[in-house]
Amino acid sequence: MGLTVEACAPRTAKPALTPSRPALRLPLVNVSWDRVIRTTIGLRPHRPSGFVLKADKLDGKTVIHNFGHGGAGMSLSWGTGNMAAELALAHAERKAAVMGSGVVGLTSARELQRHGFDVTIYAATVPPDTTSNMSLAGFTPTSGLVDFQNRTPEWEAQFRQAVRIAYRRLQLLVGPKYGISWINNYAPTNNEQAGRGSNALLPADVQGSRVILQPGEHPFPMKYAIERPEMRIEPSIYLDALMEDFLSWGGTIVIRTFETPRDVAALTENVIVNCTGLGAKALFSDPELVPLKGQLVVLTPQPEINYSTSGGARQPSTPDTGFVHMMPRSDGIILGGTSIRDNWTFDIEEQDRQRVVEAHIELFNAMRAVRGTS
Ligand SMILES: Cc1cc2nc3c(=O)[nH]c(=O)nc-3n(C[C@H](O)[C@H](O)[C@H](O)COP(=O)(O)OP(=O)(O)OC[C@H]3O[C@@H](n4cnc5c(N)ncnc54)[C@H](O)[C@@H]3O)c2cc1C
């Protein structure tokens with residue numbers, strides 16, 4: 001699809017690009033300041049060398065660490081949760097504590113239950129008051145996850161195992177109960193080579209398919225558009241469903257804050273899975289954990305929008321808007337594109353809000369003009 005003219009062209013005489021399929025028609029997002037209904041902030045738990053997944057000892061107890069998923073926790077958590085549960089099986093007891101009730105804690109707790117453990121979650125906050133609720137959230141298993149120069153072969157092997165498990169698990173949860181669905185993502189670009197490479201970290205069976213739509217085949221104000229199916233997760237539906245599953249399998253949730261490792265060691269359970277995300281920095285003195293501050297601007301929902309976008313209009317005449325993206329969800333049209341390293345504040349970044357909203361106003365106005373309905 002879409003590639004046939006280029007692929008068959010002789011190298012010397014490049015033919016004019018003609019569309020090989022009818023132009024795609026997409027409903028347009030109405031982006032305007034008066035449609036903004038909220039702005040949210042979340043601090044992604046980033047570690048330059050990637051998430052921690054390992055068993056340690058603490059005063060005779062087994063503590064399995066499972067934290068530091070950066071901008072990829074919604075995507076990867078079933079994988080690392082499953083691997084954490086496998087580590088827990090080395091202990092003779094089948095009673096476990098999980099610290100944290102974000103996506104990593106909830107999926108770890110479910111995996112422990114599936115492996116026969118009686119589980120209690122201890123957490124300072126539960127959904128909707130977790131970072132996980134503040135995510136966009138697409139299947140983005142390498143986003144803000146690791147600084148490429150810091151990864152080790154051992155970590156990479158763990159990552160590949162985790163991403164394979166997670167990709168399969170999420171696929172099987174598609175449907176309204178968990179708020180997971182597939183939609184097409186479009187990345188408009190003027191660069192013909194964009195979208196032809198692959199993500200070096202991802203196994204081949206997780207790369208997914210891509211089609212480069214040619215001029216005339218898409219409604220974007222750029223030469224090409226890269227079309228890619230992606231999984232979309234609606235955080236509030238998904239996290240509530242995970243909590244319900246956990247409780248209906250006999251789990252217990254206790255609201256409490258751990259101030260020191262001594263508090264952790266005082267738990268009655270001898271198997272403890274630490275899923276405290278960014279909280280692990282202070283609690284277990286992790287020197288690497290650093291927030292990547294994220295901000296989302298949410299517009300009034302538009303149920304007819306059935307695709308997501310990555311990137312703005314980026315006409316030669318307009319300044320580079322940086323990375324921006326749009327994800328339609330039932331709780332709103334989500335506009336993102338903010339990642340500020342080592343910023344611990346929950347203050348709204350007004351300059352970023354302007355950049356992200358204006359970039360999308362420009363993109364969808366330009367699409368309107370392409371369509372001729374402006
Ligand atoms: C703007 C934004 C967009 C994102 N987009 C995506 C995306 O598209 N795809 C994707 O995969 N990911 C995305 N993410 C990343 C994702 O949200 C995180 O990776 C994920 O939420 C991390 O989950 P977690 O369970 O480790 O942490 P959290 O959700 O923060 O949960 C931590 C839990 O630990 C508890 N806790 C912490 N410290 C203590 C303590 N001392 N005592 C007791 N309890 C404690 C907390 O109360 C909470 O229950 C995004 C994040 C943001 C902010």
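Counted as qualifying within the range 161-278 are the strands (runs of 3 or more DSSP E) with 2 or more residues that are surrounded by 15 or more Cβ atoms within 10 Å (Cβ to Cβ), namely 180-189, 211-213, 224-233, 271-274. On the given criteria, is I340 within 11 Å of the ligand (Cβ to nearest atom), surrounded by fewer than 20 Cβ atoms within 10 Å (Cβ to Cβ) and under 23 Å from the mean Cα position of the chain (by Cα)? Here the answer is yes, as I340 does meet what is asked. Answer with yes or no whether A187 is within 14 Å of the ligand (Cβ to nearest atom) and farther than 22 Å from S330 by Cβ. Spelling it out, it is not the case that A187 is within 14 Å of the ligand (Cβ to nearest atom) and farther than 22 Å from S330 by Cβ. The single condition among (1) without any contact (Cβ under 8 Å) to a residue 40 or more places away in the chain; (2) more than 20 Å from E234 (Cβ to Cβ) that G175 does not satisfy is (2). Can you work out which of the residues in the range 96-150 that are among the charged types (D, E, K, R) and either assigned to a helix (DSSP H, G or I) or out of contact with any Pro (no Cβ under 9 Å at 6 or more places or on another chain) (or both) is nearest to the ligand (Cβ to nearest atom)? Only one residue fits best here, namely D129. Within the range 54-77, the residues that satisfy the criterion of being touching a Pro at 6+ places or on another chain (Cβ under 9 Å) and either among the β-branched types (V, I, T) or within 13 Å of the ligand (Cβ to nearest atom) (or both) are V63, F67, G68, H69, G70, A72, G73, M74, S75, L76. Within the range 180-198, the residues that satisfy the criterion of being within 14 Å of S310 (Cα to Cα) and of a type in the set (S, T, Y) are Y186, T189.
Taken together, the values in this text are just the output of simple stated rules run on the coordinates, not laboratory data. Computed from a predicted model, the values in this text were never measured in an experiment. Every residue, glycine among them, receives a Cβ derived from its backbone with ideal geometry; neighbour counts consider all protein chains shown.
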